[in-house]
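Below is one structure; the comments refer to it alone.
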Amino acid sequence: RLGRQIMIYAIALIAAVACIAGPAYFWYVWYQAKTELEEQTVQYQSQIDNVETLMIYAIIMTVVCVIVLLLIIFLRSRIGLMVTLFKEAGFMVMRMIIILFTPIVLALFLMAWAALWSFVSGFIYTHGAATDFPIARTFSETNDNVDFTKEVTFVYFKDNDYILYVWLYHLFGLYWGTEFLLACHEMAIAGAFVQFYWTRDKRKVHFPVLRGIWWVFRYHLGTVAFGSCIIAIIQLIRTILAYIQNKTKDSQSEFVKYLLYCLQCCLWCFEKVMKFINRNAYIYTAFKGTNFCSSCKKVFGLLMSNLVRVGVINCVGSFILFIGKFMVASLPEFSVTS
């Protein structure tokens, strides 16, 4: 726990130093390029453009680093809150070590679901009505030099008119099933943490992960089904839009092309926002036991009233987790090379 605290503050300090050193380096490179350009008797346009580009980069870097440095200075108390949250989360994970194996179980369920979906896809792909296709073929007898025509009937499988709707329904099932499994995992983990955190005597908590899974299937199955259905609908709309883009890409005007790109971008952002709200709604449902809509409404109000705190925890926390994953992935390679 002390190591995590030191790591978080060290990262904040390194970020502050980088915010000072980064712009200084860019201005130094710009000054060197400008000096070399002024010493030359013949100045080419490409060299002048290069100096101007370096100055633009230096200005942008300075503005961004000043903003980041001000955020680090004024939000240092929020960083302390994040340190506390990481300490509590680490303590609970160490007491519920089995929770580290739940992603493996989730991956097995996802692979089984993907295999089942692929198996059914094979049936849909080969489904169709047998249709006769007669053609006239001309044959020749080599010995008698006689040509004769004979009708040959081929059989091919013609797709039904409703096959496109079947594929859309099947694809929606893939999205919904995948998001449903992910939502069940998030809700079960939230239930395990809620049990452990709100029990005063931790020794009375027995099998919190298994109880969290039981709570999902006993009380909150409708919540995870409804939340995952919303995400699946958004993903299906994005897929339909991508299909339309692919089919009409040769006949699109520039305006329609950029309009479709904008719609895709908006739907992507909307999907990310809904996933974030859903995840927090599952946590609130595991905590309070409310339904999905009530949890979303309450969570949205809490997020809006604590934007700065949520932003710091998510951004800095995600960065620290990334550093941790990078270190875990790098240690085996370092040990082999050394």
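Take every Cα pair under 8 Å in region 180-241 that's 6+ residues apart, average their separations, divide by the length, and report that relative contact order as a whole percent. Don't skip to the end; give the middle numbers.
Working: 43 pairs, mean separation 25.5, N = 62.
About 41 percent, as a whole number.
Do any trypsin sites (Lys or Arg not before Pro) in region 167-231 lie in a DSSP loop with no more than 10 other beta carbon atoms within 10 Å, and if so, which? Can you show the working numbers first?
Numbers: sites: 200, 202, 203, 204, 211, 218; in loops: 200.
Qualifying residues, ordered by number: 200.
So what's the net charge close to residue 248: Lys and Arg +1, Asp and Glu -1, counting the other residues with Cβ under 15 Å from its Cβ? Display every interim value, and only then the final one.
Numbers: positive: 247, 249, 257; negative: 250, 254.
So the environment of residue 248 carries a net charge of +1.
How do 54, 182, 100 stack up against each other in accessible area, from largest to smallest, with a 1.4 angstrom probe? List each step's numbers first, then the result.
Values: 54 30, 182 60, 100 100 Å².
Order by accessible area, largest first: 100, 182, 54.
Label points 7 Å out from Cα along the Cβ direction at residue 249 and residue 131: separation in nm?
Going from the residue 249 label point to the residue 131 one covers 2.8 nm.
Quick one: if the Förster radius is 35 Å, what FRET efficiency do residue 207 and residue 115 give, using the C-beta to C-beta distance and rounding to 0.05? Provide the component values of the computation, followed by the final result.
Numbers: r = 30 Å, r/R0 = 0.84.
Here the calculated transfer efficiency is 0.75.
Using a simple spin-label model with points 7 Å from Cα along the Cα→Cβ vector, what separation in nm is obtained for residue 152 and residue 303?
With each label point 7 Å from Cα toward Cβ, the separation is 6.3 nm.
To the nearest 0.05, how large is the calculated FRET efficiency for residue 87 and residue 17 if R₀ is 22 Å and r is the Cβ-Cβ distance?
Numbers: r = 25 Å, r/R0 = 1.13.
Result of the calculation: an efficiency of 0.35.
The values are calculated or read from the model by the stated rules, or taken from the named source; none is laboratory data. Because the structure is a prediction, the values reported are computed rather than measured. Glycine gets a Cβ as well: all are built from the backbone with ideal geometry, and neighbour counts include every protein chain shown. Each accessible area value is taken on the protein alone, full model and side chains, heavy atoms only, with ligands, DNA and RNA left out. Shrake-Rupley method; radii C 1.70, N 1.55, O 1.52, S 1.80 Å.
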